[in-house]
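J.: What follows is a structure written as structure tokens; I'll ask about it next.
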């Protein structure tokens, strides 16, 4: 997932101008402020997971992994999002969020856009209608229609019927979370479409457990680069942190609440010597299967094979496959 | 219409301008340096979608790799490992094109964004403004070659009005030696000109100076035409056959027996004419052979005096022992001798204001000419020349000076071009347009060095020839070293494969680096063309000339080796009268000197009489056969009696 921090684009400026016609007190923000996804603010945690391969987590050298190993991935899925505070009305943040997702397939070693599902780009304006009483729902709809974007109310009541605080930071968090969810939805729709066609294995940047059809598909392989949540504790943590290049951990089952259960393991893509402990460390997610060890070895070989070419100059190049970077560059170009 | 092959792109760093634009293509698109493309603008202007035509002048390729070091790291420093990478990096083919033409032409704006298409034949005609002279009624197009790119095969035409005048004129060819580009291109272009030059524009002929090798010596002999060339000939509307009418001219060797040309094989002599000049012809161009050190003002005055008062006139003077009529170098020498002897007798130092030293000097220099240009200049004054006044339409006249000394080459060039010019000025040459082809311009019209007579003549043709119908087709290896006014006045320029050093000279700075690189690697049969209608140089292919190449001709028709006087006479007379045999020649010439025999031959060749035998025999002075007189019988001497020693 790519988070852009570029300034307001032409479309955003047009939307703000339309809004200013209806909200005389609106203060536009000239230099667009980009916000990171809310997930990065979650506290890092350790979670236990059910071990599927053996009785304890151990380091396993991946057999048959070499530079000559061919990757079995036929496509790469990733999404991007931009969140910009474009104006505020009496302190209430008005945010424009843009999300996009695409599948890029590999044909004759070159990346091209998947022909069956076009890349998705969506844009929405996030504003707390409850705390801007001068802006009626009709006005908001009119602005949305003219600016060619959806309006999302960030001040609706939650499941418990409670309205959010009027604190601008809370409202901004809500907007960011909404954008984040919108991106995930786009990604999930594409992943479902890919799995429904049963094409070649798809390298998904991130987890696969959000939708049941993807989580159960043998076509979907999720590769997670961030480790805010580590599914190992105690001695197992040390073993994972001590993985050498070309080694994986034992397979464990990740079964978060409200999500589908998937098999997962840690894999070291690059030697961490001289770097932090998470250097080149990814977590792989696949659907439940009968012979998980063999599957994990095979998938690990594929993921290792995707370490070239390097995805530099991206700062996450130690964990990022070149195909994922290609997706992000493609989405940057079209969104 | 074909699919789009690219899209115009412009950034702040690399913006499009009215004369240049950028576009990208798929990696496997058939675009290269020299490809002509068409841009269809996205927004109409005054209700018309703009079309922009351009030619690719530069290409770029790069990937998303930020530093080469990243690639090294990615493959652990082992290049062989790169082949195993699952994915190729994203790669771009970005091209820069120079604008050839914009439609509409006004207002002239920067090239807009739009789709890029490979130019088709009709597009090429518009792009190069050929539509103006290929339209019904104009039709002055002369095919020069075929432009090829992708699936497009488009004939490229030069405008006859801009190639042979009066709008612009002259053509210059540059290219390295040894690739047969320059000569081949001229041979092909002459064939195309003769075929396509509009009848209503009048007659046309060519005079080619063969300055080296046998390349131009077999223009009337068929050469090998490959299948691919036949396709080109068909496309270009020219029949692949040798020139129908070719006349060759060459002086004799110094000995005067055989013609001094590669084309002196007996089988090819029927259209070879000797080129010989006498005193009158040479004296007119003495300046060519006598440099400024030789001819000061005093000597010049004496030469003028000789030209005006001596040559071809009855001349009497008290100093002289007899009346002189000077018609040849021999006569002139006799006249000099008489003058000098007369001055010696009178013990005078000057004669008619000319100092004796000046007279001796001029005598020495002029007499020397017949020696320096032996074979061309005859002592006898016999003249055999080009058919000035009766030049024939679509005929090539080749003057072979390849084996001559530099002085003789200069003299031939200067006199022939001067005569051509005189006749064209008087409109009595026989043809309305004349192409003069001169190779080795580096030698004859160098940018630096002495201001020679030949260079002055070339400059004169380049600057004023087009008004007369005298068109210069010139060639050289190093354009940068030719006089700027000669190449600058050439409306059309052709470039074959070029030397890298030459390409690095300032004259080629207007070409992009990629175009220069392409020029340095051009194949045989490829040319880059600059023509007044084309705003950018164009690359074309032309067919191999359908005439015998020099090397092949030299092998098939070996040059005749030194032959006897009788055989030489037989060789030149037999084409005039096939009944002449060697014994007949030997019988007629047996009693005469070599000089007399050669003089008789020259006279016969010049006259081309009906009865060759009789005419040839009549050229010799009567000689009474030598009869050894019988020794008169002397009266016997009476023997003296032994006893009478006194005979009494």
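A short reminder: the numbers here are calculations on the coordinates, not readings from a lab. Here the structure is a predicted model, which is why all the values come from computation and not from measurement. No Cβ is skipped: glycine too gets one built from the backbone with ideal geometry, and neighbour counts run over all protein chains shown.
J.: For helix B:227-236, report the angle its Cα long axis makes with the longest principal axis of the Cα atoms of chain B; keep it between 0 and 90° and round to the nearest 10°.
T.: Value to nearest ten degrees: 80.
J.: State the Kirkwood hydrodynamic radius of segment B:6-127 in Å, one decimal place, computed from all pairs of distinct Cα atoms.
T.: Hydrodynamic radius (Kirkwood, Cα pairs) of segment B:6-127 is 16.0 Å.
J.: Over segment B:201-242, with a single point scatterer placed on each C-alpha, what log10 of the ratio I(q)/I(0) does the Debye formula yield at q = 0.22, 0.25, 0.27 1/Å?
T.: For the requested q values the scattering log ratios are -0.92, -0.96, -0.97.
J.: Tell me, what are the semi-axes, in whole angstrom and largest first, of the equivalent ellipsoid of segment B:308-352 as set by the roots of 5 times the Cα gyration tensor eigenvalues? Intermediate results must be reported in sequence, preceding the final value.
T.: Details: eigenvalues 69, 21, 15 Å².
Sorted largest first and rounded, they come to 19, 10, 9 Å.
J.: Could you tell me the extents of chain B's C-alpha atoms along the three principal axes, largest first, rounded to whole Å?
T.: Largest to smallest, the principal-axis extents are 144, 60, 55 Å.
J.: Residue B:425 versus residue A:238, label points 7 Å from Cα toward the beta carbon: distance in nm?
T.: 11.0 nm
J.: Please list the equivalent ellipsoid semi-axes of chain A, computed as the square roots of five times the alpha-carbon gyration tensor eigenvalues, in descending order and whole angstrom. Let's see the in-between values first.
T.: Values: eigenvalues 313, 92, 63 Å².
Output for chain A: semi-axes of 40, 21, 18 Å.
J.: To the nearest 0.05, what FRET efficiency results for residue B:500 and residue B:298 with a Förster distance of 56 Å applied to their C-beta separation?
T.: Computed FRET efficiency for residue B:500 and residue B:298: 0.65.
J.: Averaged across B:47-56, how many Cβ atoms of other chains sit within 10 Å of each residue's Cβ atom?
T.: The mean count of partner-chain Cβ atoms within 10 Å per residue comes to 0.
J.: With viscosity set to 1.306 mPa s at 10 °C, what whole-number translational diffusion coefficient in µm²/s follows for the protein assembly as shown from Stokes-Einstein and a Kirkwood radius over Cα pairs?
T.: 43 µm²/s
J.: In peptide A:301-313, how many Cβ atoms from other protein chains are near each Cβ within 10 Å, on average?
T.: The shielding value for this peptide is 5.
J.: Still on this model: If I take every Cα pair under 8 Å that is 6 or more residues apart in chain B, average their sequence separation and divide by the length, what percent do I get for the relative contact order?
T.: Relative CO of chain B lands at 18 percent.
J.: Please work out the FRET efficiency for the pair residue B:368 and residue B:393, using the Cβ-Cβ distance as r and a Förster radius of 35 Å; give the result to the nearest 0.05.
T.: Taking R0 as 35 Å, the efficiency between residue B:368 and residue B:393 is 0.30.
J.: To the nearest whole percent, what portion of all C-alpha pairs in segment B:280-372 is separated by more than 17 angstrom?
T.: Details: 1939 of 4278 pairs.
Every Cα pair in segment B:280-372 considered, those over 17 Å come to 45 percent.
J.: Then there is this: Please determine, in degrees from 0 to 90 and to the nearest 10, the orientation of helix A:292-305 with respect to the longest principal axis defined by the Cα atoms of chain A, where the helix direction is its Cα long axis.
T.: Long axis of A:292-305 versus the principal axis of chain A: about 70 degrees.
J.: What is the Cα radius of gyration of segment B:90-209 over 2.2 N^0.38 Å, N being its residue count?
T.: Working: Rg = 17.8 Å, N = 120, 2.2 N^0.38 = 13.6 Å.
Segment B:90-209 yields a ratio of 1.31.
J.: For the protein assembly as shown, what is the calculated [θ] at 222 nm in deg cm²/dmol (nearest 500), taking -39500 (n - 2.57) for each run of four or more DSSP H residues and dividing by its residue count?
T.: Working: 29 runs with 296 residues, N = 983.
Roughly -9000 deg cm²/dmol at 222 nm, from the helical runs in the protein assembly as shown.
J.: What is the average number of partner chain Cβ atoms found within 10 Å of a Cβ in B:87-94?
T.: So the per-residue partner count for this stretch is 5.
J.: Something else now. Return P(r) of segment B:456-597 (all Cα-Cα pairs; 10 Å bins starting at 0; whole %; ordered from short to long distances).
T.: Bin by bin from 0 Å, the calculated values are 9, 24, 20, 15, 15, 13, 4, 0.
J.: Label-point separation (nm) for residue B:108 and residue A:212, each offset 7 Å from Cα along Cα-to-Cβ?
T.: 7.0 nm
J.: Using the beta-carbon distance between residue B:360 and residue B:448 and R0 = 51 Å, what value does 1/(1 + (r/R0)^6) give for FRET efficiency, to the nearest 0.05?
T.: Computed FRET efficiency for residue B:360 and residue B:448: 0.90.
J.: Continuing with this model, one more query. By average Cβ neighbour count within 10 Å, what is the ranking of B:451-460, A:280-289, A:112-121 from highest down? Could you put the intermediate results ahead of the total?
T.: Numbers: B:451-460: 17.8, A:280-289: 20.8, A:112-121: 15.2.
In descending order of packing, they fall as A:280-289, B:451-460, A:112-121.
J.: Turning to a different aspect of this structure: If packing is taken as the average count of other Cβ atoms within 10 Å, what order do B:310-323, B:580-593, A:307-320 fall into, highest mean first?
T.: Per-residue mean Cβ counts within 10 Å order the peptides as A:307-320, B:580-593, B:310-323.
J.: How large is the convex hull of the C-alpha atoms of segment B:563-618 per residue, in Å³?
T.: Taking the convex hull of the Cα positions in segment B:563-618, it is 70 Å³ per residue.
J.: Counting pairs of alpha carbon atoms under 8 Å apart in space and at least six apart in sequence, what relative contact order in percent does chain A give?
T.: Relative contact order comes out at 22 percent.
J.: Hey, could you grab the Kirkwood Rh for segment B:351-495? Inverse mean 1/r over distinct alpha carbon pairs, Å, one decimal.
T.: Value: 17.1 Å, from the Cα pair sum.
J.: Test of understanding: what is the full-extension gain from residue B:88 to residue B:321, defined as 0.36 nm times their sequence separation minus their Cα-Cα distance?
T.: Contour length minus the Cα-Cα distance gives 73.8 nm.
J.: Sorted by average packing, counted as other Cβ atoms within 10 angstrom per residue and highest first, what order do B:521-528, A:293-300 take?
T.: A:293-300, B:521-528
J.: Taking chain B as the reference, fit the longest principal axis to its C-alpha atoms, fit the long axis of helix B:329-346 to the helix C-alpha atoms, and give the angle between the two in degrees, 0 to 90, nearest 10.
T.: 60 degrees
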